[in-house]
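Everything below concerns the one structure shown next.
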Amino acid sequence: MSSTEGAITGAPTRAGARPTPHARALALGRIWPEPLALALLAGLLNFWGLTRNGWANTYYSGAARSMGASWHNFLFASFDPSGVMTVDKPPLALWVQTLSVRIFGFHPLALLAPQALMGVATVLLVYDLTRRRFGRLAGFLAGLVLALTPITVAISRHNNPDALLILCSVAALWCALRALEGGRGRWFVLAGVCVGLGFETKMLVALVVLPGIAAAWAWCRPPLGGSAVDGARAGEPSLERAGEPSLERAGEPPLERAGEPSLERPRRARVRAYARARRGPLAGAAAMLLVGGAWPALVELTPASDRPWISGTADNTVLSLIFGYNGLGRIEGQSGGPQALGGSSVFGGSTGPLRLLNEALGGQAGWLLGFALLSVLAILAACRLRRADPRSGWLLLVGGAFLSTAVIFSFAHGIFHPYYVSLLAPFSAALVGAGFAELRRSGLRARILAALAVAAGVGTELAVLHDYPTELRWLTPTLIVLGALAAALLLLGAPRLRLAALLGVLALLLIAPATWAVQTLGHATSATFPAGGPANNPAGGFGGGGPGGAPHGGAIPAGPFAAQPGAGSPRTGPPPGSPGAQHTPGAPGTAAGAPQGIPRSGLPALFGNGNSRAGASGGAGGLFGGTSQTLTEAVRYATHHGGGTVAVASQSEAATLAIDGERVAGIGGFSGRESETNAAWLAQEVRAGHIRWVLTASSGFGVGAGSGGHDQRVGSTHAMAAVAATCKRVSGVSGLYDCAGRARQLAGAATR
C-alpha cells in the first residue's frame, strides 16, 4: 500500500514511509466519520447534566477558589486563602481549573468542563494511536471501548486530577509512536514533555508509561553494526523502515562525492542513524526532567517561611511528597492505607492477581480485561517482536504501559482507590481494538486465538457480573450461549462469518459497561472518590455532602488574582483580622468580603439547573468533605470578633467553607493526619498573621479518638496540644482558641 493510500484510508502504513505533502493535505482535508462519532459520543456522556455533580470533590473545588485569590496561592497550589498549606498533589490540574473559573466564573461547570473535554481528547488519541498501526475500524473500536468504560465517564465528569493524568499518559504514548515511525527526535521530546506534565499532575504514577517507551526504543532503534543485507537477513529494519531519511533527503551529498569509498557508505549511514536515534530519547528524558521538575524546584528553592506547608508531609519538603505520600508509600504500604480499614472496597479491596476483577474495581474498568490480555498474545504471535515489524514497537509501547499499570494496581499495598483504574482503561481499550484487527485474520493460529479471546472475554465479564447479582441478570445466560456460538464460528466459519462473529461478540461484551456508563449520568458523581455505574456502586464513597452540590452564589475576586480587600493577600499586606476583613459567613453572593468582580455564570440548562447546594457550610457531609457545625460556629465567631483565619485539623472538613471563600485552613492534611505539623511552624504562622484562631475540637478522621490504633501518624496533634496550653480559650465555641499575640508562647511550647 502506498503512503498516499494509507493516509487517505487510515490503514496502517509501513514504518518509516512518510506521506507526501499532497497526501498529508488530502488527509487533513478529509473528515472521517468514526472520530467524529467518537467525539460526539464521548462529549454527550461527559457533558450531559454535568452540573448535577456540583462541586464534585470539594477539596479541589475549595483549592481552586483559594488559588484564584493571588498569584502566590496559584503558584504553590494553596488550599486555603491565607496560603497556609498546599493540596497534596502538584498543581497542574488545579491550574487548569483555576484559570477556567477566572474566565467563566466560579460555577461547577467552569470547574468540571475542562475534565470533560480532556476525556473527549483522550478518546480521540486512543483512536489514532490504534488506527496508525491497525486501521480505522480497530481505532474506532478502541475509542468506543474507552468512551463506554464506566470509570472513564465518571472521572471525566469530576474535578479530580486523573483526567489530565490520563490525557498526558496517552499523549506520551502517541508521541513515542510517532517517534518510532519517523525517527525524529522532536517526537521523543514531546513524549518527554507529556510525561513531565503528567508528573506535574499526579507525580510518580505518570511514569508507568516509561517502561514501554524505553523497551520500544531499545528494541526497535536502528542497529549500529553489520551491513544492510546482513541486517535484513537478521530481521533488522533497513534505514528507511526505521524511519530514517536517506542521506539525500537529509541534504547530505552522496558519500562518493565527498571522496568516501562506496563500501563505507552503509556503515557510516548506520552510525549516523544510530546517533540520531540515541539523541532523541536523551532529549526526551531531558525534557521530561525539565518539565516535571519545574514545580518541585520552585518549591524547594523557596524558603519555607515564604510558602505554604507541603500537605502530606512530615518535614515540609516536596521530595517527601514525591517519594513518600504520592510515591513509594502508595505501593509498599503506608500508615493509614487500606489496611487501616481492612482493605475495604473504597480502598480497592485486597491485593492479588485478581484484584482488578473484584467488587470494587471490576465494574469500573475490568469488563474486557480478558479480551485485552488475549489481544496481547495475538499481536505477539503475529509480529513475534521482529524489529522490522512496526507492530512490535506498538505492542511494547501500549502493552508495556498496560502491564506496568495492571501489575502496580494489583499489588499496591498503600492508599489505593477504585477510580485509579481509570489510568488502565485507555491501554486496555487500545489493546482490544488492536486485538480485533489481528484476530480477524485468516489462518489456524488466528482462529484458535480468536476463540480463546472470546472465552476469556466472556469469562472476565461473568466474573465481574457475579459480584453484582442484581445487575443485568439476563446478560449472564446470553453471554454463555452467544459466546459459545461466536467461538465456534471463529474456529470454523468463513471469513465473513468470522468478522461478523467477532464484531457481534464485542458488541455483546460492551452491553454491560455501556449500561453502567449511561447509569453514571443518572446520579451525582460528587463524592471524594468518583465511581461509574449505578448509584449504589461499592466503588464510590466518602461523599462531599450528598447529591447535587451546585453553586452557592459566590464570586471570586475581581482582576487577575486580586487580593481580598481589608484582609491582605496571603504572605503580603496587612494581616488577617483587620476590621475591613469582617463579613458574614456564607452570605449569598459574597466570598469572604471579596468584591463581585466575576459573577456566577448563567449556563445552559442542558448541563443541569445548578440550583441545589450540597456540602454547604454546616452540612453533615460524608466521611471526608463534611463541615462540622462547630467549625461553622468558629468561623462565625471569628468573623464577628476581629476576623482572621481559623485553623482546623482536616482540610476536607474546611473544604466547603473554602468554596464559600471563608478564611479557614486545615493544618493536618487532607483528613487531618497526613501533614505532621508542629508548634514551631504554627508559631511562625501566627506571628506572620496567617493564622489567628485554632479549633482543636475536631482532630480529623483517623487521628486521636476513634482511630482505633490503625494510624500512627499524629497529624496536627502536637500543634493542637501546644495551642491548648498557650492560647486563650474562647468560651462561646467549644475547642476554639485565640492565638493572637501568643506566637512567642507557642514557640516556647515547641522547645519543651
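The values are calculated or read from the model by the stated rules, or taken from the named source; none is laboratory data. All values derive from a computational prediction rather than experimental measurement. All Cβ positions, even for glycine, are placed from backbone atoms using ideal geometry, and neighbour counts span all protein chains on display. Heavy atoms of the whole protein, side chains included, go into the accessibility calculation; ligands, DNA and RNA do not. Shrake-Rupley method; radii C 1.70, N 1.55, O 1.52, S 1.80 Å.
Data overview
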{"item": "Under 5 Å, built H, 5+ apart or other chain: amide partners of F529", "result": "G541"}
{"item": "Global form of segment 474-520, assessed from the alpha-carbon gyration tensor, a/c cut-off 1.5", "result": "oblate"}
{"item": "Heavy-atom accessible area ranking, 1.4 Å probe, most first, across S628, S442", "result": "S442, S628"}
{"item": "Table column - 3J(HN,Hα) (Hz), segment 115-131, Karplus curve with 6.51, -1.76, 1.60, x for Gly and Pro", "result": "5, 4, 5, 4, x, 5, 4, 5, 4, 5, 5, 5, 4, 6, 4, 7, 4"}
{"item": "In sequence order, calculated HN-Hα J values of segment 677-682 (Karplus, 6.51, -1.76, 1.60; Hz; x Gly/Pro)", "result": "7, 9, 5, 5, 5, 4"}
{"item": "Spin-label zone in segment 631-664 - amide nitrogen under 12 Å from a point set 7 Å from the Cα of S734 along the C-beta vector", "result": "631"}
{"item": "In order through segment 189-199: 3J(HN,Hα) via Karplus (6.51 cos²θ - 1.76 cosθ + 1.60), integer Hz, x for Gly, Pro", "result": "4, 5, 4, x, 4, 5, 5, x, 5, x, 5"}
{"item": "Heavy-atom SASA rank of I213, I151 (probe 1.4 Å, accessible area, largest first)", "result": "I213, I151"}
{"item": "Charge dipole magnitude, Cβ of K and R +1, D and E -1 - segment 369-462, Cα centre, debye nearest 20", "result": "460"}
{"item": "Over segment 357-509, volume per residue of the alpha carbon convex hull, in Å³", "result": "100"}
{"item": "Amide proton proximity set for M85, modelled H, under 5 Å, gap of 5+", "result": "F79, D80, W309"}
{"item": "Placed amide H near A665: partners under 5 Å, 5+ positions off or other chain", "result": "V646, A647, V648"}
{"item": "Accessible surface, 1.4 Å probe, highest first, among residues R744, R384, R496", "result": "R496, R744, R384"}
